[in-house]
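Below: one structure, written as structure tokens.
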Amino acid sequence: MSALLDRPIWSALETRHRDFSEGDGPARRYQPGFLPFAAARSDTPQAIAELAALTRPGETLMFLQADPVVVPDGFEVLTQADGVQMLAGDIPASIPDETIVRLGEADAEAMLELATLTKPGPFSLKSLQLGRFWGVRENGRLVAMAGERMKQPGFTELSGVCTHPDHRGKGYARRLSLHVATRIFEAGDRPYLHAYTSNRAAVALYEAIGFSLRSPMHVAALRRTAG
């Protein structure tokens, strides 16, 4: 398990998300337009150098791993933060809820608008190609959503959990998180997720529905400054 989830970006791009990756050596990244995620298989000088070679001058990439993030030469640190990786145990069964609907390509613009407003993590118009998403609408407007992001053999990440500020306090995050986690279990995978350590409300919510801490994580956004 640790070999897969300690460096979830790397393991996703080496396995079930290989079709969305760039790089064929000890470093990989998501193709531009999908997610600004990149990772190296290890912290050897060769791997870090190949990781740098995948980045265009002026481009910002994000890193998420259990090990501290090594900053390649020619990069500046924009942000660094502590995170947690949580793994689902026994979660309550989701109650059938007709207000939760599957989202598709026709919803992509509304999803991007909601994600841009609420900032649940990197999201793009191509995110629907990475996994399934579900949402709740009120008066025809998308007000909450959650879905799948990275995938490894036996695991799928629960991600993109967000609610419009005008509709918070209605339990949408809990209901959608349970719904997506149940769908992941039904597909034969085990759900896991990431949250910032500072987001205590989110961590408490996930603990309440059956997720527990698997590992502290390091999160960093790095920008390449040198050509």
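Quick look at the numbers
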quantity: Accessible area expressed per residue, the range 116-201, with surrounding protein chains retained (probe 1.4 Å, Å²); calculated: 44
quantity: Apportionment of accessible area to carbon and sulfur, the chain, percent (1.4 Å); calculated: 51
quantity: Residue among 201, 110, 81 with the largest mean-square fluctuation in a Gaussian network model of the chain, springs linking Cα atoms under 10 Å; calculated: 201
quantity: Mean shadow area of the range 1-131, taken as a quarter of the surface of its Cα convex hull (nm²); calculated: 10.1
quantity: The chain, dipole about Cα centre (Lys/Arg Cβ +1, Asp/Glu Cβ -1), debye to the nearest 20; calculated: 260
quantity: Distribution of pairwise C-alpha distances over the range 136-227, 5 Å bins, in %; calculated: 3, 12, 20, 22, 17, 12, 7, 4, 2, 1
quantity: Estimated FRET transfer efficiency when R0 is 45 angstrom, pair residue 56-residue 97 (beta carbons, to 0.05); calculated: 0.55
quantity: Where N is the number of residues in the range 72-189, Cα Rg divided by 2.2 N^0.38 Å; calculated: 1.13
quantity: Inter-centroid distance (Cα atoms) of the range 2-17 relative to the range 98-144, Å; calculated: 25
quantity: Label-point separation in nm, residue 218 to residue 129, each point 7 Å along Cα→Cβ; calculated: 3.1
quantity: Within a Gaussian network of the chain (alpha carbon springs, distance under 10 Å), most fluctuating of 159, 42, 11; calculated: 42
quantity: Farthest positive-ward along the chain dipole, Cα basis, beta-carbon charges - from 81, 173, 54; calculated: 173
quantity: At least 27 Å along the helix axis (C-alpha) and Kyte average at least 0.5, DSSP helices within the chain; calculated: none
quantity: Residues whose placed amide H lies under 5 Å from that of residue 150, excluding near-sequence neighbours; calculated: 157
quantity: R0 of 30 Å, Cβ-Cβ distance residue 225-residue 190: FRET efficiency to nearest 0.05; calculated: 0.15
quantity: Long-range amide H partners of residue 215 with built H, under 5 Å; calculated: 85
quantity: All Cα pairs of the chain, percent lying beyond 21 Å; calculated: 54
quantity: Semi-axis lengths, Å, the range 30-97, gyration tensor of Cα atoms, sqrt of 5 times eigenvalues; calculated: 31, 15, 12
quantity: Selected from 45, 32, 122 as most flexible by GNM, with the chain as the system and alpha-carbon contacts under 10 Å; calculated: 45
quantity: Helical mean residue ellipticity (222 nm; -39500 (n - 2.57) per DSSP H run of 4+; nearest 500) of the chain; calculated: -7000 deg cm²/dmol
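The values are calculated or read from the model by the stated rules, or taken from the named source; none is laboratory data. Values in this document were obtained by computation on a predicted structure and should not be read as measured data. Methodologically, a virtual Cβ is constructed for each residue, glycine included, from the backbone with ideal geometry; neighbour enumeration extends over all protein chains shown. These area figures cover heavy atoms from the full protein model, side chains too; ligands, DNA and RNA do not enter into them. Shrake-Rupley method; radii C 1.70, N 1.55, O 1.52, S 1.80 Å.
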